[in-house]
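Derivation of every value follows stated rules applied to the coordinates shown; laboratory data play no part. Everything quoted here is computed from the prediction, not taken from an experiment. A quick note on method: Cβ atoms are made from the backbone with ideal geometry, for glycine too, and the neighbour counts reach across all protein chains shown.
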């Protein structure tokens, strides 16, 4: 498995502008959508718009921990091993969520992470961490993964909105 499975979405862009604009783009894309449009999956075993936003909120919580976990060990200590998770297992509970609270959680966690990223030095960007499925990577790969992941899911929502107009 590659270190950043979303690298092709980021396509060497600076991840910070992507991370900074995602919440606003989600708000714009979902503004005015009705419950049926937000909650109806496009096909069996595909996520609805609400489920995608819930997934982004869940992932932002995971990324929050991974970012901090990676930079927590002292330089003379072993680097962190970050925890993978099964997104499909987590998605089984997404029916309990509504779009507005999922988007609010995403926005709050993303803003918190963006503030955290303002504290990251050039040396921090190279601090190693290990993902058990992807291998050892520098801290900044997590940030690039976040941005590529955002782009992937924003494109999914854009397609859902375009293919099913009001």
Being in a loop (DSSP other than H, G, I, E, B), under 21 Å from residue 86 (Cα atoms) and out of contact with any strand residue (DSSP E or B) (no Cβ under 7 Å at 6 or more places or on another chain) is the filter here; which residues of the range 110-140 pass it? 133, 134
Working only within the range 13-41, note down all residues that are assigned to a loop (DSSP other than H, G, I, E, B) and in contact with a helix residue (DSSP H, G or I) (Cβ under 8 Å, 6 or more places away or on another chain). 13, 33, 41
Tell me which residues, restricted to the range 51-68, are farther than 14 Å from residue 23 by Cα and either over 9 Å from the mean Cα position of the chain (by Cα) or surrounded by fewer than 20 Cβ atoms within 10 Å (Cβ to Cβ) (or both). 51, 61, 62, 64, 65, 66, 67, 68
Within the range 80-92, does at least one residue satisfy the condition of being more than 23 Å from residue 9 (Cα to Cα), surrounded by 14 or more Cβ atoms within 10 Å (Cβ to Cβ) and in contact with a strand residue (DSSP E or B) (Cβ under 6 Å, 6 or more places away or on another chain)? yes
Which condition does residue 150 not pass, out of (1) without any contact (Cβ under 8 Å) to a residue 12 or more places away in the chain; (2) under 13 Å from the mean Cα position of the chain (by Cα), if it passes all the others? (1)
For the range 89-121, give me each residue that is in contact (Cβ under 8 Å) with a residue 24 or more places away in the chain, under 14 Å from the mean Cα position of the chain (by Cα) and more than 24 Å from residue 44 (Cα to Cα). 105, 106, 107, 109, 110, 111, 112, 113, 114
